[in-house]
Every structure is written in C-alpha cells, then in structure tokens.
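One structure is given below, encoded as structure tokens.
The values are calculated or read from the model by the stated rules, or taken from the named source; none is laboratory data. Computed from a predicted model, the values in this text were never measured in an experiment. In this analysis, Cβ positions are derived from the backbone assuming ideal geometry, glycine residues included, and neighbour counts consider all displayed protein chains. The accessibility values were calculated without ligands, DNA or RNA, using every heavy atom of the protein model including side chains. Shrake-Rupley method; radii C 1.70, N 1.55, O 1.52, S 1.80 Å.
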Amino acid sequence: MEPNAVADELVLRRDEGAVALLTLNRPKALNALNQPLLQRLGERLRELAGDDAVRAVVLTGAGEKAFVAGADIAEMADYDAATAQHFALAGQHILNHIASLGKPVIAAVNGFALGGGCELVLACDFAIASTKAKFGLPEVTLGVIPGFGGTQRLARLIGRHNALRWILTGDVHGAEEALRLGLVTQLVEPEQLQAVALEVAQRIASRGPVALTAARKVVDAGWDVPLADGLRKEAAAFGQLFRSQDQKEGMAAFLQKRPAKFTGN
Ligand code: DAK
C-alpha cells in the first residue's frame, strides 16, 4: 500500500448527507493516538472545516473495544522533555481545532476513552456513549499528567473535586458515572450507538449553520468569564445573526409554515 493510503486509513471518513462520520482507526492498538494518527486527524479536520456540505461531525473509534485508549505509550516512552512538550502542544492544537471547527462535533464513545481519548471527548461539543464505555485519566499511573487539556477541561466540566479524584487516582470509571457527572449526555446500547449519534447529528445538521457556530462560540466564550460578560457576548452574537441569510430564512420559513432551507450564509 502507498504511504498515503496507509495514512488515509488512520482516520476514516464517511459522509451521510450533511454529516461526516470520522472513525479513528488503529483498533489493534485500541486507537491509541500516535503522531501519524494525530496528523491525519488534523488533516481531516482542515478538510471538514473547508467543506460547506458538512454541517455536523460524529467522531468514533474503530472496533468494539475502544474509542481511544490514550496517547500511544510505546511512542511516548522514549520522549525527551522537548519532544514531550512538542507532542502535548500538537495534541492540544488538534483538540482546540475540534473546539473551534465551527461545526458541531459529537463524540460517539464506543469503548475505552482513557487519557488522550478522554481529553478528545472533552474537546467535542458533547458525547453519547455506549453502556460499555469506560472513561479515565490514568496518566499518573504512568508518571505523567494529562497533556491534552484534561487538567483544564475536566475540572470545568465536572467540577474541581470530581476532576481531581479522577486525575489523582487514575481510576477507570464506567459509563453510568460519566453520565452522572455530565461527561456524557446519553447512554445507548453498543449496537445502537452509531445510529443514535448519526441521528442526533442529522437533526443538528438541519438547523441554521451560522447559529450553530455562534452558539458554541458563545457557550465557550462565557465558560470562564463573569456572567455579565458572557451575557454581553451572547447579546452581541444574537445581534450579529440578524445580518445572516439564515436568520431571514429561518424566521420566514416559520411564518410561511414550511421547513427552512438554510445556506449557512
Ligand atoms: N498506547 C499504546 N498501545 C496501547 C495503548 C496505549 N495507550 N493502550 C492499549 N494499547 C495496545 C496494547 O499495548 C495492546 O497491544 P499488543 O500487546 O496487542 O501489541 C493492545 O493495544 C490491546 O491492549 P491490551 O492487551 O492491554 O487490552 P486489555 O483489554 O487487556 O486492556 C486497557 C485494555 C485499555 C485497559 C489497557 O490497554 C490499558 O490500560 N491501556 C493504556 C491506557 C492508558 O494508560 N492510557 C493513557 C495513556 S497516557 C502529554 C501528552 C499527552 C498525554 C500525557 C502527557 N504530554 C506530552 C505532557 C496523554 C497521555 C495519555 O493518554
């Protein structure tokens, strides 16, 4: 196989209407994130960012066992400090790209989401998980700490004490606990996971794209600022939407009792 063909297969893409399904595909290593996989994921995200036909993304892992079992330990084992920092920055960059893609990204967590895999979930808009999924940040068992944003995003999402309990013990947690703490929004039977995630994504993809982008931006922008500042950001974004064709189309469609045909403009 050509080198490019091998790289292509590390992150599979399948489009269904306006939804792209990305599958991280190293099942023999439980989809562990090595440099080629991260690079390919970065390329796929750039591809999706520039593809107006795609309005929502579902991210999942190949195989029945794992979403992503973390950063690739075999690859990391011999890193020196500079390489480790470079790796962490590269990973953070890709996760930030997910967060700022401008299109909703839903994680469909089909198994282990550990370390970098759990951090990948945290960077998505939200996550739907199989009842068999397992979550955790086991980095301290390896003598390191989460390096792809886990120390920051987990505490913001589930609170400082719960985040520290996860990070300091390195324990692996079941899907029910992840649901209870709000790391995932819904649990489904494993065989239904992909279909349910795609169905939710299709519903989202039918909404106004300009509004979708604005909604995530404002939620994230308001996450760690005082409420009054967040409300100002919301009002500004709300106002901006009235410059969009999508707003005119959405409201006209409602008044004319017909489905909206959004263009994303
Ligand atoms: N890396 C590389 N290979 C992995 C892997 C990983 N994270 N996880 C699993 N594999 C490989 C196994 O080595 C095995 O390969 P073979 O022996 O077959 O060649 C194969 O996947 C199947 O795994 P197991 O045989 O172990 O399967 P089990 O069902 O027995 O166990 C498990 C499943 C998920 C419980 C176990 O594989 C496991 O504990 N995996 C490691 C989980 C883990 O510790 N993940 C966190 C990785 S650390 C940073 C940047 C980033 C990060 C940190 C710092 N900076 C640079 C600051 C992020 C760190 C992490 O994500």
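List of remarks:
- The phi torsions of region 204-220, fed into the Karplus equation with coefficients 6.51, -1.76 and 1.60 and a -60° offset, translate into couplings of 4, 5, 7, 8, x, x, 5, 5, 4, 4, 5, 4, 5, 4, 6, 4, 5 Hz, rounded to whole numbers, with Gly and Pro shown as x.
- Accessible-area order (highest first, 1.4 angstrom probe) of the listed residues LYS28, LYS257, LYS103: LYS28, LYS257, LYS103
- Of the residues LEU30, PHE112, MET251, the one whose Cα sits farthest towards the positive end of the charge dipole of the chain is MET251 (charges of +1 on Lys and Arg Cβ, -1 on Asp and Glu Cβ, taken about the Cα centre).
- Per residue accessible area of the chain, 1.4 Å probe, in Å²: 51 Å²
- In summary, the convex hull built on the alpha carbon positions of the chain has an orientation-averaged projected area of 15.5 nm².
- Percent carbon-and-sulfur accessible area, region 2-101, ignoring ligands, DNA and RNA, probe 1.4 Å: 52 percent
- Applying a threshold of 18 Å to the alpha-carbon distances of LYS217/LYS248; LYS65/LYS134; LYS28/LYS103; LYS65/LYS132 flags LYS217/LYS248; LYS28/LYS103 as lying beyond it.
- Cα centre as origin, Lys/Arg/Asp/Glu Cβ charges: the chain dipole, Debye: 1020 debye
- Lys, Arg +1 and Asp, Glu -1 on Cβ, resulting dipole of region 51-95 about Cα centre, debye, nearest 20: 200 debye
- DSSP bridge pairs, the chain: antiparallel proportion in percent, nearest 5: 25 percent
- Amide H within-cut-off set for ASN34, under 5 Å, with H built and near neighbours excluded: ASP72
- Carbon plus sulfur fraction of accessible area for region 197-253, probe 1.4 Å, in percent: 64 percent
- Region 113-172, dipole about Cα centre (Lys/Arg Cβ +1, Asp/Glu Cβ -1), debye to the nearest 20: 140 debye
- Charge dipole (region 1-110, unit charges on Cβ, about Cα centre) - positive-most of ALA77, LEU21, GLY50: LEU21
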